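Read through the structure below, which is laid out as structure tokens, and then see the notes.
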Amino acid sequence: MLVRGCLLSLALLLSSPALAEDGVTPDAAQATNKRIAVARGSTPPPGPPKRAEVVACTTPAQRVSMGERSVVIVRCPEDCIARLDGRGGLRRDDRTWEFTHVEPGRRHVEASGGLLNRRLFRGRVDIPPGTKATVYGDSKGNVKLTRHRSLGAAKKTREETDSQQASHLNVRCQKSCTVSLDGTRRGASGTTSVLLTDVKPGTHELGVVFTVGKSHRRATLDVPARSEMFITVSESGGVQVTNTKALASTP
């Protein structure tokens, strides 16, 4: 739609001589920046000519400047409860709060904490549009924007970090089985060995269903970052982690 609007404006300028032949002056057409619909060889009807609206052309940078919303991270010098424009956010840890869908512009940030729930800081910060912005309030009550970057760049960095921290799980069954991780089947069914890659560090639920008898075995695994875990599953012994080692770096 944006490209169409730009092409309409260009076509209007190029068609100015033809419009003049039909009784419409180029100055009148350019003054309105709108296309005048007049069929060649026809007599214009009485009254003002009909005009077609032209869609304005905007670039991604212009759309951001028009008010794309941001994500704001508020950090405190100690355990706190932070608010942005009077509303609460999502607590990331004792000193960190996250606020999403924040309108760009000058925003009011405050936090309280301590035994008496005293005010730690309060102030106004200019939030750029379409960014992930970090705001820090110090022990003296000052508030400032310490960092900001585009949401696209922040997402790319997070994906790269997750990829660098991912682990592998080597699952071996004593009999033919089907393996699932966090409720999603991984690998082929009816096999005795499955390699699970790109597993994020943290707690995961490993499930195994044996092909013959359909017996189930489950276990909760605490997967370290950049590790390779070797797991053996049997009907009698259940799920057992036999070895864990650091994942070899790829060249």
* Could you run through the range 39-98 and say how many residues are assigned to a strand (DSSP E or B) and at pLDDT 55 or above? => 19
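Does Val109 satisfy the criteria of being assigned to a strand (DSSP E or B), without any contact (Cβ under 8 Å) to a residue 60 or more places away in the chain, surrounded by 15 or more Cβ atoms within 10 Å (Cβ to Cβ) and β-branched (Val, Ile, Thr)? Before you say what the answer is, go through the steps one by one.
On the way: assigned to a strand (DSSP E or B): yes; without any contact (Cβ under 8 Å) to a residue 60 or more places away in the chain: yes; surrounded by 15 or more Cβ atoms within 10 Å (Cβ to Cβ): yes; β-branched (Val, Ile, Thr): yes.
Criteria met by Val109.
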* Asked: Which pairs do you get when a residue that is modelled with pLDDT of 80 or more, found in the range 141-157, comes within reach of a residue that is surrounded by 15 or more Cβ atoms within 10 Å (Cβ to Cβ) and of a type in the set (S, T, N, Q), reach meaning Cβ atoms under 9 angstrom, with the pair 6+ apart or on two chains?
  -> Leu145/Thr134; Thr146/Thr134; Arg147/Thr134; His148/Ser70; His148/Thr131; His148/Thr134; Arg149/Thr131; Ser150/Thr131
* Asked: So which strands (runs of 3 or more DSSP E) are wholly in the range 175-251 and hold at least 1 residues that are modelled with pLDDT under 90 and of a type outside the set (A, V, I, L, M, F, W, C)?
  -> 184-199, 202-210
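The values are calculated or read from the model by the stated rules, or taken from the named source; none is laboratory data. None of these values were measured; they are calculated from a predicted model. Glycine gets a Cβ as well: all are built from the backbone with ideal geometry, and neighbour counts include every protein chain shown.
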